[in-house]
Every structure is written in structure tokens, then in C-alpha cells.
Amino acid sequence: MAYDHKSIEAKWQKIWADEKTFEASEDESRPKFYNLCMYPYPSGALHQGHVRNYTFGDLLTRYKTMTGHNVLSPMGWDSFGLPAENAAIASGAQPKKNTEAQIATMTRQIKQLGAMYDWPRELASHSVDYYRWDQWLFLQLFDRGLAYKKEAPVNWCPQDQTVLANEQVVDGACERCGTIVEKKNLAQWFFKITDFADRLLTDLDQLDEWPDRVRTMQRNWIGRSTGAQFSIGVADSTDSFEVFTTRPDTIFGMTFAVLAPEHPLVDRLISGTDQEAGARTYITAAGRASEIERLSEGDKTGVFTGRYAVNPVNDVRVPIYIADYVLMGYGTGAIMAVPGQDQRDWDFATKYGVDIIRTVEPPDEYDGEAFVGDGVTTNSDFLNGLDRSEAIAEIVNWLEDGGLGESTVNYRIRDWLISRQRYWGSPIPMVNCAECGLVPVPEDQLPVVLPDIVDFAPKGQSPLAALDDWVNTTCPVCGGPARRETDTMDTFVDSSWYFLRFTDPRNSEKAFDPVKARYWMPVDQYIGGVEHAVLHLLYARFITKVLFDMGLASVEEPFARLFTQGMITMDGSKMSKSKGNVVDPLDLFESHGADALRLYHLFMGPPTDDAAWDTNGVDGTLRFLDRVWRVVTETNGFDESADASELIADAHRAIAKVTDDIERFHFNTAVPPLMTLSTALVDRVRSGIPSAGFNEVVEILIKLLAPMAPHIAHELWEKTGHSTMLATEPWPVADTTLLERSTVTMVVQVNGKLRDRVDVDADIDAAEAERVALESDKIDQWIDGQEVKRIIVREPNLVNIVVG
RNA sequence: GCCGGAGUGGAGAAAUUGGCAAACUCGAUGGACUCAAAAUCCAUUGCUCUAAAAGGCUUGCGGGUUCGAGUCCCGCCUCCGGCACCA
């Protein structure tokens, strides 16, 4: 008879909530542990990814509680964002109402998992108590020059008449209707994350408890390159333009220069030249091309300007081209082109018949095109004979001495575009005054409340723009008529500081009390999906640094340890509703119970790896729990005289293994020792009357099970006569004197091949081990008269006899 | 192209410092119990040779270091993820 998981799980979920077992406050007497799972978007349906995430998080909450930590484990909702707005467009229902209904549903489902949170700290980013502090945060950045508005090209869907977030553009097309996305210039708000690029990069080195792949992704995203920037004069004019290069050592190989089509100098350069008409046609075409068309690495296109640049090192005149393979958004939007050492320049030069000069000696057998490797500098006057790094140092000195340029650093990361022409987000707290220009809403006039509206249909600007009563306001500076900003903030702004709000979630005076934040921060363990490796985790680091500089955050890095879980796959692809390969956790709560499901998620494989779903595996973990239930509840009668020492030693080995594995996040290997231990108990019962150590071992087994399958563990704890709450019982400590075995199996090898096993005392000495090995009958036939050349002894585990 | 990670039975996997490869779970096959089924329990289950015993082989491929390599080194292949006309 299987145990009744449904009634047991409901019972204990109620007790934990009633007893406020997992509600935390500042307490200097215990070490704090801030344990955080990435707060979810309230989709309204718990899926296996959530279950995996919260199972890992809850295991840690419960384990750290039992090991004497003051654990903060809060839960909240990333509840602004596009899905709610799209649902509103489709159904006409208020996003607020929908969102709050879905939060209620998911809260119930999370509680069914038995995952415990400090619910009084619950927050939701769509609530005005939260997003008013987004607005406060915006004003802090604005005050410090870290928030600014400028015109920028954004993704525009001509079908839906709306701007799209980068995340909504899939392979250059609108995610919703499949139309090719265009670029459109609109005035947008940005956060100046580029000011922090270097700190964000160098501080990655401190984050040694983060997965390497996440740190690598952030390094790639920030994309630091060192090089030189210098000025190139335009022949027969006083104009000049700046170029950036990582290879200033190849400057003698410059045979042309290229400006991006959007480069500000272009218009003046081409005016009045013979090439003007052709150049203007090219520029217009390039401007109209979609992002994917321009970025597709196909044939290079460009057009000659009719003008020439003068190479500053040797006064050689080289043609200036316009080509869209040079991007206005990176570096200076202009390059010196060195086809001999750069493949893109090579491709362009061969197509347009431009000269190619090699300034780095390729290897003798080299038959490629541009040579980008290291070699001796050649055809380069005073740089000849130097290697790459020497030549770079020399030419940079030369440029600096002549006042022509300097060594510089460039980053790939761009400023963070935070404005969205969308309804369901935090309004940007700025007004536009005809007299005073852009004026921030004073802090004491926050919040700028998001009004309820009825028409969410996209019209090319935020639906808020249609609300005259809301839009029209007075200027905080001059009192004259003014118009509110109608854009809302990217939801990544909400999630860039919510972990700080969790330390003081009900504060109505401040975003958070720095004293409380100092106690809890940093987050000791952050758990979530790797899909946030760059965006959220980079933005949160950035905002924390801003708040640190303001003296409000006590740490520069918000997340001390990061754990990224793998995906659940089914038939080789990610579980998703659209693929129809979803296994609903709610069904499994019914059929197998939350404990069996949790245990399966822990056991199915390394938590970092993607894992293929197999419902049979849940059958297996339920079978195991049933076995534990039976052996604990159906055992009667003890033989006090029977020897229990080996069983107790097994239990202590299990304590050591499980503890170590949990500490190292090897949850999948923390489960088998419990299975083995329960099998040992079953064997003990089957062999006759269980011995005196039985209850002691059962107690250990229940405690080790408590963080993994908490409901059944608590029920068994109560059933075995304990009146205390298992959740706050101390975690068992392995008695190290019991861990060593008195006899071990020694392996005897001949020439590295296993030939015999012998049981020996664990404290056997080398000479004795060698003697025992050579005495083995089985060994004789393998030595068979050959000369024994050497004997390797690793007592007490192994002896290897080398013959030949 | 650059940067990361992975590759072990029919499946998920384990092997913490270079020392018994495949623990544990699933699946499969056979058996016990049952009128029968479910549940439960027992046995077998990497490949190969063999009637059996005993042996031989085996951690993507090829080399190397070592008494000994899944683990370390060199060179490849494949898959997954990130970045990418970034100068």
C-alpha cells in the first residue's frame, strides 16, 4: 500500500505556513544566508523548469536552516511585460486583473511543491509600491548623467505598427507576425552602462563562484578591445576623421579608408564630386536595408567618394570609400583599411581593385589571403623587423609624440535602451516642457501612476499617448503646460534591483533601508536559468554598482554565487506548450506527489546539465519513498543484543556523502546514499529482528531526506515519536571515527591488469601488503616464472606487480 | 572565424587526488506470489569467445607520458551554447 502523499503534503504545507517556519528577520547571532531563485514571470502555470529551480532552491533553504543559518528566501513576481499586454490586446481584459489572477494561481502551485518562502516579503513589479522605486531609480541615474535621451534606430514592425524589443526580433522578423523588421529613428531613453564597461569586465574576475560560461558570455558581450585611435587628414582640405584600430602596427599597409554611410563627414566629402550622385544612392539604399541584410556576411558593397585621405605615417594618398561593412555604432565609424592583414578589407580591395600591401611577413608555406597572424613587420619603414607587440608600442609612441593619436580601448557593449512604446510597464518619470525642455518629475511627486486604459492596440507610440488627461500636466520647474513621457521602462529595469527591495520590501519611505540591505547582501546563492546570463545578470550588476557608488548598496557585486540550471528536454527539444511536449507538474502532484517529483528532479542528472524527461523516473523515486515509508512505519521489535555497528557506520558514511554533495551542488549523487541506506534497513528487517541501532539510523535517514522530500520526512519524524519540528532540527554530523572501515578489499594487479582481490586489514603496512599479494595463488599463474621487475604498493588499496 | 562546455551500457548517469570503469535509477528478460492482474519481492542485464570455467576487449578517433589513463599532454572528429563585417 502506497503512502498517502496527498493528505501528508497538504498537512505539512499548512503547518509550515502556520508556524511561520521560513520567515526571516535580521539576527546577528547566526550567519545569514540569502538564498534567491530568479523571480518568475507570472504566466499562470507552473512548469517543470520552475519545479527544477524551486526544488534546488528549497533544498538549499532547508539544508541551510538545519545547519544553523539565518536564511532569507523570498519570492516575488516579474509581473510587468509584453505577454500580459499582448493578452490584453487579444482579449480586452485589463493586464492588471489578468496578472493578479495568474499570480494567485502560481502562488497556490508553488505552495503545492512544498517550496518555502518568506511570503510576507512577496513583491510584484507591476504594483505601484514597487514601480514607484523604479521611477526613483531612474531619477537617480538621470541626476548622475547616467540616463539620457537621444534619437536612435529601433526595430519597427510595419505590419503591427509598433516598436519591438530586441528580444522580439527573431532572425530579423517580427516574432508575432513574421514581417521583416525595419529600422526607424525615434528618440529613446538610455542608461549609460558603457561608463561601467571596464568595472563590469574586471570585476568578473572576482566572481569565482560563477559558472565560467556565464563569465565568458559577459566578457564576449562587453567585448573589450585595445588599440589606437588616430586622426587621418582628408587631402586638399582641412577636414580629418578619427579611426580606431587594434592593429596600428599595420598602418603602412593602409591602401584605402572607409567611412560608415551614416558618418557625419560623408555629406561634406561627397558634395560637388563626380561621384556624388552614385554615393547618395548607395547611402540611401544602405539606410533602408534591414539590420540582417546589412549584417549578413556576404559580398561587401561600397562606393568611392572621389576624395582621398593622407596616411599620417608616410603622406601616401589613399582613396576614401563609403561601405556599410563599417558600422557607425562601433569605434569611430571609420577605419583605415589594411587588406594585407584584414580579411574584410581584403575582400573589399579585391572586389574594387584596390592595392594590397603585406606588412606582416606570412610563413613560407602561407597560401591564404589576408594574413592576420603574428609575424615580422615588413614594408613598414621604421617598424621593419619588429614583432607585433613591439611594432604596436613603437607606432603608438610615434602617434602620441606627434599629437596624432593615442592608445585607446573600445567596447562592443552599447548603452542600454530602456524605453518601450508599451503600456504595461513603469512610466518614465519625465515631462517635456516647451520652455524648460526635458524635466524630471520631482521625487516628492512620485509615483507617476500607470492609469487604467481600455485601448491597447499598437499605434506606433505608447497607448498612454492617447490619454490626454494623463499626458497633459504642468512643468515642475515653470508651472507652464507640459506633456508627460509616454514610454515605459524595460522590465529588465524592474529586475535589476528587486533583490535589494526584498531586504526591506514594505518600506514606503525609501527603495530599501541601506542598513537592512547591508545585513542581507550580497545574495549568497542565486539560482536561475542560463538564458539570463547576459541581459539580467549584467544589468543587475550595473545597477548595483550605481547604488554602491551612491553609498546605498554595501556591495559592488550583488550575487556572490551563481548557479545556472539546465533545461528539461523531451524528445530532444525544450519542453514547451507550442511543441506539445509538456508534462504538467500539477498532474504529477496528484499521481506521484510533490516529494517524488522533487526527488526525481534532484536525481535525474547533474543540475547544471540539460536533462531528458522520463516519467518512469518519477515512478522510481516514488517506489523509493514507499520503501522508506514501509520500513519505518511497519517495523516492530528490536533485538537489543544484535550488533548494529556496521549499519550505524553506513549511516554516518551517508551523512558525510550527502553533506558533501549538497555543499558542492551535486544533488544527483546525494540521492543514491539514501537509497542504499534504506536498502540496508530493509535487509536488516528481512534478516530477522532489527537491531538496536535501527531507530538511530532511521532518524539519520529522515533528517537527510528532509531537504529533498520534506513532507514525507516530516510525517515520518512525527510518526517515530518526535514532537519537534524537523525543519529546524540540527543537520546530522558524521562521526569521523566511524567512517573508516576496518578491513578493505585490496586489488592485486600484474602489469596493471586486475588479477586478484584480497581482504586485508585497513592499517596493513607496505611490506605486509606486498607479501600478501605475492602469496596469492592466482598471481602465480600470471607471473609464471617471469622476472619480477618492480612492485608498486599503494596500501591498503592496491599492489601492482610488474613482470617481463 | 573567436570563446566556452560536452562525448562512458538499451536510457538517465557514477567514478571528489592518476589506482577495481559502469554505483544508483529507469527499461528489458526470466522467476516467486496471484484464479488473473496490479502492487511487491528475487535473479540476469557493456561487448565478445565458451557447454561451463577461465579469458580477451571496452569511456568519440589517433598518438604520447606512466607500473597504471574515463581522468594528464599533443593532434583530430562530432554535438551543444555564446559572440561575430566589432576594425
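Taking the range A:505-535, which residues are open to solvent by 10 Å² or more (accessible area, probe 1.4 Å) and in a helix (DSSP H, G or I)?
Passing the criteria: A:Pro514, A:Val515, A:Lys516, A:Arg518, A:Tyr519, A:Val530, A:Glu531, A:His532, A:Leu535.
Might you let me know whether the range A:310-319 holds any residue that is crowded, with 21+ Cβ neighbours inside 10 Å and either more than 10 Å from RNA strand B (Cβ to nearest atom) or within 24 Å of A:Thr226 (Cα to Cα) (or both)?
Checked the range A:310-319: no residue is crowded, with 21+ Cβ neighbours inside 10 Å and either more than 10 Å from RNA strand B (Cβ to nearest atom) or within 24 Å of A:Thr226 (Cα to Cα) (or both).
For the range A:177-291, which fully contained strands (runs of 3 or more DSSP E) count at least 2 residues that are within 13 Å of RNA strand B (Cβ to nearest atom) and in contact with a Lys or Arg (Cβ under 9 Å, 6 or more places away or on another chain)?
Here the list reads A:224-234.
When you check A:Ala656 against the structure, is it in contact (Cβ under 8 Å) with a residue 60 or more places away in the chain, of a type in the set (Gly, Ala, Ser) and in a helix (DSSP H, G or I), yes or no?
yes
Starting from the range A:389-407, take each residue that is more than 15 Å from A:Thr226 (Cα to Cα) and list its partners that are open to solvent by 70 Å² or more (accessible area, probe 1.4 Å) and of a type in the set (Asp, Glu), counting only C-beta distances under 7 angstrom and pairs at least six apart or across chains.
A:Leu399/A:Glu406; A:Glu400/A:Glu406
Taking the options A:Ile801, A:Ile764, name whichever one is surrounded by 12 or more Cβ atoms within 10 Å (Cβ to Cβ) and either more than 12 Å from RNA strand B (Cβ to nearest atom) or among the acidic types (Asp, Glu) (or both).
A:Ile764
Here are some residues: A:Val698, A:Val685. Which one is touching a residue at least 40 places away in the same chain (Cβ under 8 Å), assigned to a helix (DSSP H, G or I) and within 15 Å of RNA strand B (Cβ to nearest atom)?
None of the other options fit; the residue is A:Val685.
Does A:Ala104 satisfy being part of a helix (DSSP H, G or I) and either under 25 Å from the mean Cα position of the chain (by Cα) or among the small types (Gly, Ala, Ser) (or both)?
Considered against the rule, which asks whether it is part of a helix (DSSP H, G or I) and either under 25 Å from the mean Cα position of the chain (by Cα) or among the small types (Gly, Ala, Ser) (or both), A:Ala104 comes out as yes.
Of the residues that make up the range A:587-594, is at least one over 17 Å from A:Ile702 (Cβ atoms), within 9 Å of RNA strand B (Cβ to nearest atom), out of contact with any strand residue (DSSP E or B) (no Cβ under 7 Å at 6 or more places or on another chain) and part of a helix (DSSP H, G or I)?
There is no residue in the range A:587-594 that is over 17 Å from A:Ile702 (Cβ atoms), within 9 Å of RNA strand B (Cβ to nearest atom), out of contact with any strand residue (DSSP E or B) (no Cβ under 7 Å at 6 or more places or on another chain) and part of a helix (DSSP H, G or I).
Please go through the range A:545-590 and give me each residue that is closer than 18 Å to A:Phe196 by Cα and under 16 Å from the mean Cα position of the chain (by Cα), ordered by number.
Selection gives A:Glu557, A:Pro558, A:Phe559.
Looking at the range A:56-67, is at least one residue open to solvent by 40 Å² or more (accessible area, probe 1.4 Å) and either among the basic types (Lys, Arg) or at pLDDT 95 or above (or both)?
Taking every residue of the range A:56-67 in turn, at least one turns out to be open to solvent by 40 Å² or more (accessible area, probe 1.4 Å) and either among the basic types (Lys, Arg) or at pLDDT 95 or above (or both).
Kindly indicate which of A:Gly329, A:Gly333 is in contact (Cβ under 8 Å) with a residue 24 or more places away in the chain, within 19 Å of A:Gly233 (Cβ to Cβ) and within 36 Å of the chain's Cα centre (by Cα).
Just one listed residue meets the conditions, A:Gly333.
Wholly within the range A:377-442, which strands (runs of 3 or more DSSP E) include no fewer than the required count, namely at least 3 residues that are open to solvent by 10 Å² or more (accessible area, probe 1.4 Å)?
A:405-411, A:437-440
This table checks each residue for (1) basic (Lys, Arg); (2) open to solvent by 50 Å² or more (accessible area, probe 1.4 Å); (3) assigned to a loop (DSSP other than H, G, I, E, B).
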| position | (1), (2), (3) |
| --- | --- |
| A:Leu450 | no, no, yes |
| A:Leu464 | no, no, no |
| A:Val477 | no, yes, yes |
| A:Thr503 | no, no, yes |
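It is to be established whether one or more residues within the range A:10-20 are open to solvent by less than 20 Å² (accessible area, probe 1.4 Å) and either hydrophobic (A, V, I, L, M, F, W, C) or assigned to a loop (DSSP other than H, G, I, E, B) (or both).
There is at least one residue in the range A:10-20 that is open to solvent by less than 20 Å² (accessible area, probe 1.4 Å) and either hydrophobic (A, V, I, L, M, F, W, C) or assigned to a loop (DSSP other than H, G, I, E, B) (or both).
When the residues of the range A:595-613 are filtered to those that are in contact (Cβ under 8 Å) with a residue 24 or more places away in the chain and part of a helix (DSSP H, G or I), which remaining residue is surrounded by the fewest Cβ atoms within 10 Å (Cβ to Cβ)?
Checking each candidate, the answer is A:Phe603.
Hey, does the range A:488-495 have a residue that's more than 16 Å from RNA strand B (Cβ to nearest atom), open to solvent by less than 50 Å² (accessible area, probe 1.4 Å) and out of contact with any Asp or Glu (no Cβ under 8 Å at 6 or more places or on another chain)?
yes
The values are calculated or read from the model by the stated rules, or taken from the named source; none is laboratory data. Small disclaimer: the values here were computed from a predicted structure and weren't measured. Every residue, glycine as well, gets a Cβ built from its backbone with ideal geometry; the counts of neighbours run over all protein chains shown. Calculation scope for accessible area: heavy atoms of the full protein, side chains included, ligands and nucleic acids excluded. Shrake-Rupley method; radii C 1.70, N 1.55, O 1.52, S 1.80 Å.
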